[in-house]
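The structure appears below as structure tokens.
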Amino acid sequence: MKPQFSPLNAQNSEICFELHKQGQFSPWSRKIFEDCLTKPYFAYSLKQDEQLLGYYIGMTVLDEVTLMDIVVSAEHQGKGLGQSLLQHLMDQCNQNNIQQIWLEVRESNAAAINLYDNAGFILVEQRVNYYPSEKGKEDALIMCCYLG
């Protein structure tokens with residue numbers, strides 16, 4: 001069976017919140033996660049045979065979207081699912097006349113940076129010592145993709 005995208009909301013988000021906690025050094029609280037499932041946010045999960053493969057959360061402001069979170073489960077990484085999630089986000093943006101997608105990513109996350117580069121995102125800015133990490137702090141890379 002082909003993987004399927006489904007809208008994510010507070011009622012079906014528990015498994016995604018667990019995945020969020022596994023994928024973050026400093027995860028959001030459950031309250032913040034649930035707040036990110038209400039307008040102006042939008043979110044989708046990707047499942048196959050009822051198994052969660054990943055999800056993303058975006059936030060719309062006027063004609064821009066910020067990618068707040070995108071996660072692929074550890075056992076399914078390296079299979080192109082990050083690309084599928086990002087393409088779904090971009091398709092949603094195109095359908096809604098969004099002009100730009102913004103995101104920030106840890107500078108140590110080479111796989112994500114490669115994914116964003118290949119999707120047409122460009123580096124706009126670097127925030128020094130932005131993210132907490134095991135070694136103290138690490139920089140955030142601010143990237144943007146101009147659509148249309």
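No lab work stands behind these numbers, since they all come straight from the coordinates. The structure displayed is predicted, hence computed values, not measured ones. Backbone-built Cβ (ideal geometry, glycine too); neighbour counts: all protein chains shown.
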Counting Lys and Arg as +1 and Asp and Glu as -1 over every other residue whose Cβ sits under 15 Å from the Cβ of Val65, the net charge comes to -4
With just the Cα atoms defining each centre, how far is segment 13-73 from segment 79-148? Give it in Å.
14
What is the total of Lys pairs in the chain with C-alpha atoms under 20 Å apart, excluding same-chain pairs fewer than 8 positions apart?
8
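For the chain, what number results from the quotient of the Cα radius of gyration and 2.2 N^0.38 Å? Before the final figure, lay out the partial values.
Numbers: Rg = 14.7 Å, N = 148, 2.2 N^0.38 = 14.7 Å.
Against the compact-globule rule of thumb, the ratio is 1.00.
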For a quick check: sort Val124, Val71 by the number of other beta carbons within 10 angstrom, fewest at the front.
Val124, Val71
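By how many nm would the segment from Lys31 to Gln100 grow when fully extended, if each residue of separation counts as 0.36 nm and the alpha-carbon distance is taken off?
Details: separation 69, 0.36 × 69 = 24.84 nm, distance 2.75 nm.
Gain in length upon complete extension: 22.1 nm.
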